[in-house]
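Worksheet: one structure, shown below.
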Amino acid sequence: MGQTPLISEGPPNGGSARVAAATELIKSLGGTIECFYFSFGQADPRVIADFPDEVSAAAALLAVGAGGGATTRTELLLTAEQIDAASAKNSTYRPPGS
């Protein structure tokens, strides 16, 4: 994304305006922002948000992408308890060659 969309918001509220817009979007879909940071590099900002379900998260991503000012990349984060639950499940997977 780079700084161009942030700069277009105009000083002094470029960063603050983006945080407010993201907060409004995420709240409108039943989610909350855990943190919002700007970073140097190809992709900024970095947002960690909690949504009630994957469909709500997808709706946020579609809205951001449709605006054309940003691209998104999603990573699902799991808690330790969720990993414990996943490791307790039985599966029928057989590795290739076994």
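Pairs under 9 Å by beta carbon, first residue touching a residue at least 12 places away in the same chain (Cβ under 8 Å) and among the β-branched types (Val, Ile, Thr) in the stretch 69-87, partner part of a helix (DSSP H, G or I) and surrounded by 10 or more Cβ atoms within 10 Å (Cβ to Cβ), six or more apart or different chains?
Qualifying pairs under 9 Å: Thr71/Val64; Thr71/Gly65; Thr74/Ala57; Thr74/Ala58; Thr74/Leu61.
Residue by residue through the stretch 17-35, note down the ones that are part of a helix (DSSP H, G or I), over 11 Å from the mean Cα position of the chain (by Cα) and at pLDDT 90 or above.
Selection gives Val19, Ala20, Ala21, Thr23, Glu24, Leu25, Lys27, Ser28.
Scan the stretch 78-98 for residues that are of a type outside the set (Val, Ile, Thr) and surrounded by 10 or more Cβ atoms within 10 Å (Cβ to Cβ) and report the count. Give the derivation first.
First, the residues of the stretch 78-98 that are of a type outside the set (Val, Ile, Thr): 78, 80-82, 84-91, 93-98.
Filter once more, so that each one left must be surrounded by 10 or more Cβ atoms within 10 Å (Cβ to Cβ): 78, 82, 84-86.
The qualifying residues number 5.
Tell me, please, whether a residue that is at pLDDT 90 or above, in a helix (DSSP H, G or I) and either of a type in the set (Phe, Trp, Tyr) or under 14 Å from the mean Cα position of the chain (by Cα) (or both) can be found in the stretch 36-54.
yes
The values are calculated or read from the model by the stated rules, or taken from the named source; none is laboratory data. Here the structure is a predicted model, which means the values were calculated and not measured. Don't worry about glycine lacking a Cβ; one is built from the backbone with ideal geometry, like all the others, and counts go over all protein chains shown.
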